[in-house]
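Here, each number is a calculation from the coordinates, and none is a lab measurement. A quick note: this is a predicted structure, and the numbers were derived from the prediction, not measured. Positions of Cβ are generated from backbone atoms using ideal geometry, with glycine treated the same way; all protein chains shown enter the neighbour counts.
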Amino acid sequence: MTRLSAAIDRIQPSATLAMTARAAKLKADGIDVIGLSAGEPDFDTPDFVKEAAIAAIREGQTKYTNVDGTPRLKAAIAAKFARDNGLDYDAAAEIGVGVGGKHVIFNAIVATVNPGDEVVIPAPYWVSYPDIVAFTGGAPVPIAAGADQGYKITPAQLDAAITPRTRWVLLNSPSNPSGAAYDADELGALGDVLLAHPHVMLLTDDMYEHVWYADRPFSTMAQVRPALRDRTLTVNGCSKAYAMTGWRIGYCGGPAWLIKAMAKLQSQSTSNPCSIAQAAAAGALEGPQDFLRARNDAFKVRRDLVAGLLNEVPGLDCPTPDGAFYVYPDASGLIGRSAPDGRRIDSDEALAGYLIDAARVAVVHGGAFGLSPAFRVSYATSEALLREACARIGEACTALR
Ligand SMILES: Cc1ncc(COP(=O)(O)O)c(C=O)c1O
């Protein structure tokens, strides 16, 4: 009676959501935990976006819409791709909208991957990629890129990972969990590898496009290598850029055949994303973008603070990333040590468990992102809390023998 499908048995619950729930439970029990595990900006959704949603409610935009997005939102997305990325997508045929970036990626993979197909995923990776692939019966093929290579894969690694069974390569820049970002030259070099493998599709997850600190501009593959445009799905969304994680709007630009297949799947699952959230997303994309700079400036101060403090902790090596709001310290120097309570730190999962128990700081262990030993720190919180958290991490790590 309680038998589950083989597909559901192939996937795990999200490790980041699990750690965030664990920290929330401890807090609710009155324990002073600092949560650095959640993947969302601590800023509020901008007022002009909220106003767009309120106006939509008042105007009666409260009914079903086109399955994969209103014409207005699709036009706003096409204009965004042209403005920010120099990409020319047909709003009606080449743009799709889903219930968050996760849903868009899920639709793309489920619509195209058959059992036995391979999907190449640079590690450390966003937690959901391998599970979404596994759900279809496809095989995730990770490529390990450690701190020594700035958490970025090389063209030679990419070439070696591609086989005749490869269906997709998933690229995420800036990356969750490492914050690493490929510049135009690095992307171009990876693109040249893909040009030599015409059977492979590319999904670029640009969710952190606007959380960006480098002097050079953000780049995406379809812009850098236009010859790949017709086999690239450019995924983006409102969650991180506009602090709209709860509104659930993600979108993509890509070949018409794929957008159509994704809409077909969506028509038999969620139907349209919330009509009011779509109006808010259109407002976000059409509205002033200058507030992004002030938010990035604040994030950059925090990045420098956290990377600086964690690098002072003996046993941690914390690269300073170019984007997103995470750092991913390598913890090789701490593995094999013992805690004052006698427990052995034999993995990054044990280290994250020790940090929540002894330091009251919630981080996510690197194993969840496919590259160990390390852990992810989200610095989307106040400087005061970040200072306190890093001090606690430092104290707990120094106590390891
Ligand atoms: C790399 C990456 N892609 C996609 C998503 C999904 O975003 P959304 O909340 O819009 O589903 C996230 C969210 O954490 C992410 O970090």
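Worth pointing out:
- Entries in LYS27/LYS80; LYS63/LYS240; LYS74/LYS102 that, when Cα-Cα distance is taken, lie over 29 Å: LYS27/LYS80
- Segment 245-260-segment 346-401 distance, computed between alpha-carbon centres (Å): 34 Å
- Folded to 0 to 90 degrees: helix 291-311 orientation relative to the chain principal axis, Cα: 30 degrees
- Cα centre as origin, Lys/Arg/Asp/Glu Cβ charges: segment 29-72 dipole, Debye: 460 debye
- Calculated log₁₀ intensity ratio I(q)/I(0) where the Debye formula runs over C-alpha points of the chain, q = 0.07, 0.09, 0.13 Å⁻¹: -0.32, -0.54, -1.13
- Positive-end residue of GLY323, LEU171, ALA384, charge dipole of the chain with Cβ unit charges: LEU171
- Estimated translational diffusion coefficient (Stokes-Einstein, Kirkwood radius over Cα pairs, 10 °C, 1.306 mPa s) of segment 173-268: 110 µm² per second.
- In this structure, the amide hydrogen of VAL364, modeled 1.01 Å from its nitrogen in the peptide plane, lies closer than 5 angstrom to those of ARG376, counting only residues at least 5 positions away or on a different chain.
- Computed magnitude of the charge dipole of the chain (debye, nearest 20; Cβ of K, R +1, Cβ of D, E -1): 980 debye
- In degrees, nearest ten, helix 101-112 long axis to first principal axis of the chain (Cα): 60 degrees
- In Hz, Karplus ³J(HN,Hα) per residue of segment 221-236 (6.51, -1.76, 1.60; θ = phi - 60°; x = Gly, Pro): 4, 5, 7, 6, 10, x, 5, 8, 3, 7, 10, 10, 9, 9, 9, 8
- Separation in nanometres of the label points that stand 7 Å from Cα toward Cβ, at SER338 and GLU395: 2.3 nm
- Footprinting exposure proxy for GLU94, GLU383, GLU118, GLU286 (fewest neighbouring C-beta atoms within 10 Å first): GLU383, GLU286, GLU118, GLU94
- For the chain, the share of DSSP beta bridges that are antiparallel, to the nearest 5, is 45%.
- The angle separating the long axis of helix 383-398 from the principal Cα axis of greatest extent in the chain is about 50 degrees.
- Packing-based order for 321-331, 252-262, using average beta carbon neighbours within 10 Å, highest first: 321-331, 252-262
- 19 Å reach of a label modelled at LEU195, 7 Å along Cα-to-Cβ, counting backbone N of segment 218-236: 219-233
- Taking one quarter of the surface of the convex hull spanned by the alpha-carbon atoms of segment 81-168 gives a direction-averaged projected area of 7.4 nm².
- When only the Cβ of Lys, Arg, Asp and Glu is charged (+1, +1, -1, -1), the dipole of segment 1-110 relative to its Cα centre reaches about 400 debye.
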